[in-house]
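The values are calculated or read from the model by the stated rules, or taken from the named source; none is laboratory data. Worth saying up front: this structure is predicted, and the values here are computed from it rather than measured. We place every Cβ from the backbone using ideal geometry, glycine too, and count neighbours over all the protein chains shown.
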Amino acid sequence: NAGVMQNPRHLVRRRGQEARLRCSPMKGHSHVYWYRQLPEEGLKFMVYLQKENIIDESGMPKERFSAEFPKEGPSILRIQQVVRGDSAAYFCASSPRDKNTEAFFGQGTRLTVV
Amino acid sequence: AQRVTQPEKLLSVFKGAPVELKCNYSYSGSPELFWYVQYSRQRLQLLLRHISRESIKGFTADLNKGETSFHLKKPFAQEEDSAMYYCALRGETSGSRLTFGEGTQLTVNP
């Protein structure tokens, strides 16, 4: 089992461009969580998804950010019209079910907006 | 609302010395508490969880509900313990969603 795979590891975007971050959960895991880590801060929850459903998006900024976890393929975190403040490390975690299970983390995508 | 506080951003000790990384939390119900560790250039990984009551790599942590703390301790630090440590909380109704503290960078000097 290769673990949670995130790509790209590093992404550079100019202001106004779109950023797409991908997360392939561990085999057999149907729950995905996205976290953001701004410089000098801890990880902050963004969104929790199951296959084809958004369960909790209470941590997502109201505009420009969206997430999906389709029936086939990886989960995608999409940031439209990026701004400098979006520069951060974005981590994905997956678990086999929701309660009482360990979430396994990917290595993160470091987004830099120039 | 749930909140996790790690008061020390940086902690430096010498090899063989005891180490304690502090974690305090606020939560109105019965939380689950975790410690995660991130070694240089590696992914975040679970170190221990309070319900397991186990010792991993010599580390232990006891949940103190009276003081709302979950401090991580090791009696004799090793150089390979140098890493970033995050305390995290999972609430009763939040699935596997975690609330993290801001982390403590531990450096163990030779």
TODO: Would you be able to say whether some residue in the range A:81-101 is in contact with a Ser or Thr (Cβ under 9 Å, 6 or more places away or on another chain), within 10 Å of chain B (Cβ to nearest Cβ) and among the aliphatic types (A, V, I, L, M)?
DONE: yes
Open item on the list: I'd like the full set of residues that are out of contact with any Ser or Thr (no Cβ under 9 Å at 6 or more places or on another chain) and in a loop (DSSP other than H, G, I, E, B), limited to the range B:99-108.
Closed with: B:Gly103
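So in the range B:79-98, with the set limited to residues that are of a type in the set (D, E, K, R) and not in a strand (DSSP E or B), which one is surrounded by the most Cβ atoms within 10 Å (Cβ to Cβ)?
Checked the range B:79-98; the qualifying residue surrounded by the most Cβ atoms within 10 Å (Cβ to Cβ) is B:Arg97.
Taking the range A:10-34 as the search range and keeping residues that are of a type in the set (D, E, K, R) and in a loop (DSSP other than H, G, I, E, B), which one is farthest from A:Tyr90 (Cα to Cα)?
A:Lys27
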Open item on the list: Quick check on my filter: what residues within the range B:56-68 are of a type in the set (Gly, Ala, Ser), over 10 Å from the mean Cα position of the chain (by Cα) and within 17 Å of B:Tyr27 (Cβ to Cβ)?
Closed with: B:Gly66
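Residues being more than 9 Å from chain A (Cβ to nearest Cβ) and either at positive phi or crowded, with 18+ Cβ neighbours inside 10 Å (or both): count how many of those fall in the range B:26-37.
So the answer is 5.
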Open item on the list: Regarding the range B:40-53, can at least one residue be identified that is within 14 Å of chain A (Cβ to nearest Cβ), touching a residue at least 40 places away in the same chain (Cβ under 8 Å) and surrounded by fewer than 22 Cβ atoms within 10 Å (Cβ to Cβ)?
Closed with: yes
TODO: Could you check A:Glu57 against (1) free of Cβ contacts under 8 Å to residues at least 60 places away in the same chain; (2) more than 14 Å from the chain's Cα centre (by Cα); (3) within 28 Å of B:Ala1 (Cα to Cα) and say which number it fails?
DONE: (2)
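Can you tell me which residues in the range A:75-97 are in a loop (DSSP other than H, G, I, E, B), buried (at least 16 other Cβ atoms within 10 Å of the Cβ) and at pLDDT below 95?
Of everything in the range A:75-97, just one residue is in a loop (DSSP other than H, G, I, E, B), buried (at least 16 other Cβ atoms within 10 Å of the Cβ) and at pLDDT below 95, namely A:Pro96.
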Open item on the list: Can you tell me which condition A:Glu68 does not meet? The list is (1) within 11 Å of the chain's Cα centre (by Cα); (2) closer than 29 Å to B:Leu10 by Cα; (3) of a type in the set (Asp, Glu), and all the others hold.
Closed with: (2)
TODO: Check off (1) under 11 Å from the mean Cα position of the chain (by Cα); (2) away from chain B (no Cβ under 12 Å) for A:Arg15 and give me the number that stays unchecked.
DONE: (1)
Open item on the list: Restricting to the range B:64-78, and then to whatever is in contact (Cβ under 8 Å) with a residue 12 or more places away in the chain and surrounded by fewer than 20 Cβ atoms within 10 Å (Cβ to Cβ), can you tell me which residue is nearest to B:Tyr39 (Cα to Cα)?
Closed with: B:Gln78
- [ ] With the checklist (1) within 14 Å of chain B (Cβ to nearest Cβ); (2) on the phi > 0 side of the Ramachandran plot in hand, flag the one item A:His31 doesn't pass.
- [x] (2)
- [ ] Among the numbered conditions (1) closer than 25 Å to A:Cys92 by Cα; (2) touching a Ser or Thr at 6+ places or on another chain (Cβ under 8 Å), tell me where B:Lys74 comes up short.
- [x] (1)
TODO: Would you confirm whether any residue within the range A:59-74 is in contact with a strand residue (DSSP E or B) (Cβ under 9 Å, 6 or more places away or on another chain), of a type in the set (S, T, N, Q) and under 26 Å from B:Tyr86 (Cα atoms)?
DONE: no
